[in-house]
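Report on the following structure.
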């Protein structure tokens with residue numbers, strides 16, 4: 001199975017796209033995240049990637065109401081500001097298909113491993129990489145960990161992974177193919193790839209690397225690539 005997944009990033013109640021996750025560098029903005037989500041579903045999206053950017057920056061979930069409305073429309077994976085297992089549980093118990101756990105996957109790994117045991121297949125571990133090392137807390141704090149070292153913490157858990165290359169995120173300049181191959185090739189669980197996707201060729205490269213899917217944001221919001229053209233690259 002391979003999925004091409006539109007990103008729904010929510011900041012201050014709006015659907016936005018940011019360049020490299022910088023709060024004040026907005027590429028795209030729309031007042032209705034729910035309408036945007038519905039639009040992608042109408043255009044063929046089977047899965048939506050919903051991120052509470054305000055939550056990520058503030059360290060707490062902010063847009064739970066909007067997230068749950070979007071969860072009624074399609075299969076969703078949700079992240080941003082999920083800094084406790086209790087918040088993750090609440091989302092999972094309210095129609096969210098998968099929660100994306102970043103900061104606490106490193107800082108409270110025992111809690112996250114227990115969460116994964118209670119919700120098999122519904123916890124996605126975020127591996128956000130900048131300069132080859134994992135970053136946390138809205139990409140603002142560096143760690144000394146390599147992506148594969150984070151994956152190893154959860155090697156015996158029923159989880160999936162989201163690999164985001166922050167170095168190319170939002171630049172629409174193409175993926176770092178070597179980084180994608182290295183990370184996907186070193187993890188024996190499903191990996192979704194995000195960051196820098198700007199062409200159908202990028203999507204094909206991610207698919208050939210063995211990823212389970214790819215998240216696309218800025219390039220489809222600015223019209224650089226046509227989402228419908230990418231649907232044919234999916235497989236069941």
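Key figures for this structure:
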{"item": "Projected label distance in nm at residue 23 and residue 144, using a 7 Å step from Cα toward the beta-carbon", "result": "3.0"}
{"item": "DSSP beta bridge pairing in the chain, given as percent antiparallel to the nearest 5", "result": "25"}
{"item": "Spacing of the two label points (7 Å from each Cα toward its C-beta) at residue 177 and residue 152, in nm", "result": "2.9"}
{"item": "For 49, 63, order by how many other beta-carbon atoms lie within 10 Å, fewest first", "result": "63, 49"}
{"item": "For segment 3-230: relative contact order, % (alpha-carbon pairs under 8 angstrom, 6 or more apart)", "result": "18"}
{"item": "Mean Cβ count within 10 Å, highest first, over the residues of peptides 71-77, 95-101", "result": "95-101, 71-77"}
{"item": "For segment 3-230, the spread of Cα positions along each principal axis, largest first, Å", "result": "41, 38, 31"}
{"item": "Segment 162-226-segment 87-116 distance, computed between alpha-carbon centres (Å)", "result": "23"}
{"item": "Among 103, 164, 143, residue whose mean-square fluctuation peaks in a GNM of the chain (springs only between Cα atoms under 10 Å)", "result": "143"}
{"item": "Residue of 219, 85, 179 that the Gaussian network model of the chain assigns the largest fluctuation, springs spanning Cα pairs under 10 Å", "result": "179"}
{"item": "Chain lengthening between residue 226 and residue 84 when straightened (0.36 nm per residue, less Cα-Cα)", "result": "47.4 nm"}
{"item": "Sites residue 167 and residue 72 - FRET efficiency at Förster radius 30 Å, r taken between beta-carbons, to 0.05", "result": "0.30"}
{"item": "Residue with peak Gaussian network fluctuation, the chain [Cα springs, cutoff 10 Å], from 79, 44, 196", "result": "44"}
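Bear in mind these aren't lab numbers, they're just calculated from the coordinates by the rules spelled out. Small disclaimer: the values here were computed from a predicted structure and weren't measured. FYI the Cβ positions are ideal-geometry reconstructions off the backbone, even for glycines, and counts take in every protein chain you see.
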